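The values are calculated or read from the model by the stated rules, or taken from the named source; none is laboratory data. Treat the numbers as computed from the prediction; the structure is a model and nothing was measured. Using ideal geometry, Cβ is built from the backbone for each residue, glycine included, and neighbour counts are taken over all protein chains shown.
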Amino acid sequence: RARLVRNSDGSSQIVLQDDFPRAWRRTGIALDRVGFTVEDRDRSKGLYFVRYIDPDKDLNNEESWLSSLAFWSSDDDEEKKNEYTVSVNKSNGGASVAVLDKSGTQDHSTTAQRIISLLYDQLK
């Protein structure tokens with residue numbers, strides 16, 4: 001029912017053999033099961049705006065414990081880095097699911113690849 005497709009540019013997408021309404025619903029359920037926080041959604045454009053915190057990122061963080069206690073510093077920039085857009089589009093008798101970057105093109109980052117992989121595990 002789902003196929004993981006790796007593109008030549010390094011991005012990945014999931015191809016579903018479902019019509020758009022069913023693909024939209026299944027993707028929303030998969031996002032919920034994986035534990036993403038869905039900040040907003042736009043069904044007419046096929047977009048989910050999600051927040052994802054990479055668990056491996058905390059392991060590689062060199063920030064000291066003292067600086068983590070700095071409650072007066074702003075976390076807005078860090079929160080924006082964790083925001084991603086998951087796109088569900090009609091394609092060739094089915095639908096495709098991809099992670100988009102801020103400019104609206106497919107995201108090539110390792111975190112985007114991890115998001116696609118997590119969604120694929122739920123959608124297959």
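For every residue, the table says whether it meets (1) loosely packed, with under 10 Cβ neighbours inside 10 Å; (2) at pLDDT below 95.
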| site | (1), (2) |
| --- | --- |
| ARG26 | no, no |
| ILE29 | no, no |
| VAL34 | no, yes |
| GLY46 | no, no |
| PHE49 | no, no |
| LEU66 | yes, yes |
| ASP101 | no, yes |
Quiz item: How many residues does segment 92-122 contain that are over 19 Å from GLY35 (Cβ atoms) and not in a loop (DSSP other than H, G, I, E, B)?
Solution: 6
Self-check item: Of all residues making up segment 108-117, the number that are over 10 Å from GLN13 (Cα atoms) and over 9 Å from the mean Cα position of the chain (by Cα)
Solution: 3
Quiz item: Any idea which of (1) out of contact with any Leu (no Cβ under 9 Å at 6 or more places or on another chain); (2) loosely packed, with under 12 Cβ neighbours inside 10 Å is the one GLN17 doesn't satisfy?
Solution: (2)
